[in-house]
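Read through the structure below, which is laid out as structure tokens, and then see the notes.
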Amino acid sequence: MVIFDEASMAYIPQVIFAASLAKERFCCLGDFRQLPAIVQNRNSSALTKDIFEYTSITQAVDNNYSHKWLVMLNCQYRMHPEISDIVGEHMYNNMLYSATDMYIKTQPIADLLPLKGTPMCLFDLSDTYSVCIKTDDESRINLMSAMFSIKLAEKFVQQYEVGIITPYTGQSRLVTAMIRDLKDEDENFNFVTCATVHQFQGSEKSIIIYDAVDCFRMTY
């Protein structure tokens, strides 16, 4: 038996090759609502489609009918129900539901400052000296949002593991370097990690900080 995990991020030829190694059974696991593989050649259907679209599973879910190869895991055990309700409505056709004890498990985190009582909050940095800069390798960094993310993580590290997610490799390198330096002064920062969206996919932390990087003041 061959088990292929995170299949939504794989190219179809990779999945087919893995399946060819199975003598009896092939199990393909993944979430086609998550990020796809990175493709530069948008004209290649073998690369732009994932295995779920190729086998018509995506179309079956979109149209609310079953598929003989599909076993759907639709109970989530990670998010606060108010977060999962948004995800379920806009990404999973209202087919995602929360385990019965998820509110009890996650509400203590939602009750923490800076916005007590809400599981999600947005911070507007437009009135700060926030500037997004393009790096030599065509990535982007924003020093102000990086410092803000680190400072926000500092509020929680004594109690919880924190993940900082960013869409750009440059920002991920910057924040990771800052965390590495802070570990020498505060061992609690060993519980803070930073990665790009693609790198972090599939991981889990009690608190997630999303650093969008882009801002009104952006150099080109």
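How many residues are part of a helix (DSSP H, G or I), open to solvent by less than 50 Å² (accessible area, probe 1.4 Å) and not β-branched (V, I, T) when one looks only at the range 126-176?
Here the count works out to 9.
Among the residues of the range 103-110, is there at least one that is β-branched (V, I, T), open to solvent by 90 Å² or more (accessible area, probe 1.4 Å) and not in a loop (DSSP other than H, G, I, E, B)?
Filtering the range 103-110 down to residues β-branched (V, I, T) leaves 104, 106, 109.
Within this subset, residues satisfying the condition of being open to solvent by 90 Å² or more (accessible area, probe 1.4 Å) are 104.
Those left that are additionally not in a loop (DSSP other than H, G, I, E, B): 104.
Yes, the range 103-110 contains at least one residue that is β-branched (V, I, T), open to solvent by 90 Å² or more (accessible area, probe 1.4 Å) and not in a loop (DSSP other than H, G, I, E, B).
What do you reckon, is K205 charged (D, E, K, R), open to solvent by 30 Å² or more (accessible area, probe 1.4 Å) and in contact with an Asp or Glu (Cβ under 7 Å, 6 or more places away or on another chain)? Write out each step before concluding.
Numbers: charged (D, E, K, R): yes; open to solvent by 30 Å² or more (accessible area, probe 1.4 Å): yes; in contact with an Asp or Glu (Cβ under 7 Å, 6 or more places away or on another chain): yes.
The answer is yes for K205.
Residue under question is V192, and the condition is that it be touching a Cys at 6+ places or on another chain (Cβ under 9 Å) and at pLDDT 95 or above; does it hold?
Numbers: touching a Cys at 6+ places or on another chain (Cβ under 9 Å): no; at pLDDT 95 or above: yes.
So V192 fails the test.
Restricted to the range 21-45, and to residues that are surrounded by fewer than 14 Cβ atoms within 10 Å (Cβ to Cβ) and in contact with a strand residue (DSSP E or B) (Cβ under 9 Å, 6 or more places away or on another chain), which residue is farthest from M91 (Cα to Cα)?
Selected residue: K23.
So which residues in the range 185-209 are under 15 Å from K151 (Cβ atoms) and not in a helix (DSSP H, G or I), if there are any at all? Even if it seems obvious, please write down each step before you answer.
Of all residues in the range 185-209, those under 15 Å from K151 (Cβ atoms) come to 185-186, 188-189, 192, 194, 207, 209.
Residues satisfying the conditions are E185, D186, V192, C194, I207, I209.
Test each condition in (1) part of a loop (DSSP other than H, G, I, E, B); (2) without any contact (Cβ under 8 Å) to a residue 60 or more places away in the chain for I179 and report the one that comes out false.
With respect to (1) part of a loop (DSSP other than H, G, I, E, B); (2) without any contact (Cβ under 8 Å) to a residue 60 or more places away in the chain, I179 is out only on (1).
The values are calculated or read from the model by the stated rules, or taken from the named source; none is laboratory data. The model shown is predicted, which means the values in this text are computed figures rather than measured ones. Here Cβ is always computed from backbone atoms with ideal geometry, including for glycine, and neighbour counts include all displayed protein chains. Areas reflect the complete protein model, heavy atoms only, side chains present, ligands, DNA and RNA absent. Shrake-Rupley method; radii C 1.70, N 1.55, O 1.52, S 1.80 Å.
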